[in-house]
1. Under the 0.36 nm per residue contour assumption, what length would be gained going from the current alpha-carbon distance of Lys244 and Ala179 to full extension?
2. How do Cys276, Cys577 line up, fewest other C-beta atoms within 10 Å first?
3. Among His31, His42, which comes first, second and so on when ranked by fewest other beta-carbon atoms within 10 Å?
4. What length, rounded to one decimal in nm, is gained on full extension from Val262 through to Phe310, with 0.36 nm per residue of separation minus their alpha-carbon distance?
5. So who's got an amide H within less than 5 Å of the one on Thr206, skipping anything under 5 residues away but keeping other chains? H placed 1.01 Å off N, in plane.
6. Modelled label-to-label distance, Asp222 and His548, 7 Å Cα→beta-carbon offset: nm?
7. Any chance you could run the full-extension gain for Thr321 through Trp211? It's 0.36 nm times the residue separation minus the Cα-Cα distance, nm to one decimal.
8. Go through region 217-224 residue by residue and turn each phi into a ³J(HN,Hα) via Karplus (6.51, -1.76, 1.60, θ = phi - 60°); whole Hz please, and just put x for glycine and proline.
Amino acid sequence: MNVQISRQLHPVSPAGARALVRIVIVGHVDHGKSTLIGRLLHEVEGLPDGKLDALKAVSARRGMPFEWSFLLDALQTERDQGITIDTSQIRLRTPARDIVLIDAPGHAEFLRNMITGAAQADAAVLLVDATEGVRDQTRRHGYLLHLLGVRQVMVVINKMDRVAFDAGKFREIETEIAAQLAGLGLTPSAIIPISARNGDGVARHTSSTAWYRGPTVLAALDAFVPARPPHDLATRLPVQAVYKFDDRRIIAGRVASGRIRVGDDVLIMPAGKPACIKSIEAWPERETSQTPRVAIAGQSVGITLDRDIFVERGDVVCASTSPAASARRLRARVFWLHQRPLAVGGHITVRIGTAESTAVVAAIEDAVDPGLLASDGAEVIAQNHVGEIELALSRPIAIDPYTADPNTGRIVLEFEGRIAGGGLVLTAQAAVLDTTSGPRPGKVASTARASRTGVNSDELRAKASALAQVFASLSPAERIAHLRREVAGKIVFTTSFGLEDQVILHLLSERTDDIAVVTLDTGRLFPETYALWAQTERRYGVRIRALHPRHGDLETLVERDGINGFYDSRAARLACCTVRKVEPLERALAGARGWIAGLRAEQSAHRQDMALVTAEAERGLIKLNPLFDWTREELLAFVSSNDLPVNSLHAQGFASIGCAPCTRAIAPDEPERAGRWWWEEESKKECGLHSHRP
Ligand code: SF4
């Protein structure tokens, strides 16, 4: 049943004068929900003039005893006839609160509305029938509140008149329901014995419940704490667009929470760039003295910053003291609408405000059929079911847990270009360097082809050339940042844990860029390299994704050439490198638009042919070697001054370190890469990793 008393009956109070609390009523219709709502409306004098008398007269004429639930039936009928307001909630005024009572007619519909933001409840009334006590359905209703994250709950034990206001019966139910709710992490604010039909315990206590010392229903409603209004929350301005006017870059969006003031220090999330609000723009342009100095939640604004930093749609301007999380992984409670069940490994698009990211479902827990309201233990979420999922995002986005800010804590899920669900963010995990969201192996070939055919080679080369000119005067960190800004889509950094790679990883760890870090595990690495890999993950708190050779290719190779066949001929060595390195690299780069590697020009004569920035037209990407022009002295100085973890083999005379059977220590007067494939001629030492063209 969804009805609303006309707004005109309850004029809205001036903003801020009275707190508004949204309360959901859950309980079986037979437990007296309509009766309680009808009685409450009467007690707070919230009924239209003459409505009660008219209904009593109708009942008398029909020879029926009057029931409070008739009130809602009558109002429902009027609503159906289009006579009264057409929304689905009931407003009433208690002594201290403006209250919106939200009925929960069907679990599925209500869950969907709550989760997608169509409805919102600050608190709940859970209704229990004294004649029936705690039943399965009561447990389900408690579970519903748990799913919705509603923390304030009042329990009303109705129909006490039917059990002769037996205090013993009440205590029995009270103990059981309190234990049930405790198991769900809920502590009721009050458990109240009432007779909604007779009015006992609703607005006042009567002699029938003289043994009860707690609040009435009305008093308990008044004690619910309203949600904080949006303007009281930390500042969040999701960026909708950035416009360039004369020499100003105007950042436009709607203030979702808090307030924006000229002079405020802010952080642009998810990148965490600091800035200060220089102005709030007005249209048409007014005198400077008349331009606004502050904008609050709900207002659409254009702002300028005090510095020229890159801001784009999807960023969120946040209070510097309490910014949104830059999340690369999040946990959410979602409602799934698509006919194809959501499964672990599924690829979806996540939208939050104006931001979006592709994501992989990393885990599913607590899939629930809302009709039964019980966890079914399934590892997929079926259509119209609810579940808790963990998502690995392909790029960081600014997110708040729903409990901290519902305005930036709700997500929309898209699947195959359509809205397929929505959810509440439960927790957000800060951005990490690793990504597990690359294309699945089975899809690599088609993704890679698409990338090769989808990029215009001439444009790519022109872009690489332009970037090379800009990058020449930048530091390695600035080069990486600039590449991230200029290249839309996936960027991959490949590390083999060399000194250059450790420097680049260190630079990446100081940023929140969306750059995937991967390594190629040939299966022939030194034990010291594996140890450094683990040490590096610990140092930076990341997991570095490994690409391994395809098992079948490896078996064929070893069967044909032997385990160390690469010593026998250059062809065998290149075949080994192709299976163990080059093919996995192609998988790592599939679909990428940018590739960061640790090449330096002075490492070998051959590498001087390479460049700081190149266009890899066949792969459809721009490749950046941010340390390309660094000398070994610069490299060692950075490693030392930042105390970077390095391979212990360096101390034993190893310089460039690759696979164990193919690497030796070098003499002091030998070039850096002399220890790699030492048995080969210098001009034939590349393995295809950086020179291979697919
Ligand atoms: Fe094989 Fe040696 Fe190449 Fe490693 S470096 S992939 S062991 S040939």
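1. 17.4 nm
2. Cys276, Cys577
3. His42, His31
4. 15.3 nm
5. Close amide H contacts, sequence-distant or interchain: Gly201.
6. Calculated label separation equals 6.8 nm.
7. 34.5 nm
8. Ordered by residue, 3J(HN,Hα) equals 4, 4, 5, 5, 4, 5, 7, 5 Hz.
Read the figures in this text as sums done on the coordinates, not as results from a lab. All of these numbers come straight from a predicted model, not from anything done at the bench. Heads up, the Cβs are rebuilt from the backbone with ideal geometry, glycines too, and the neighbour counts pull from every protein chain shown.
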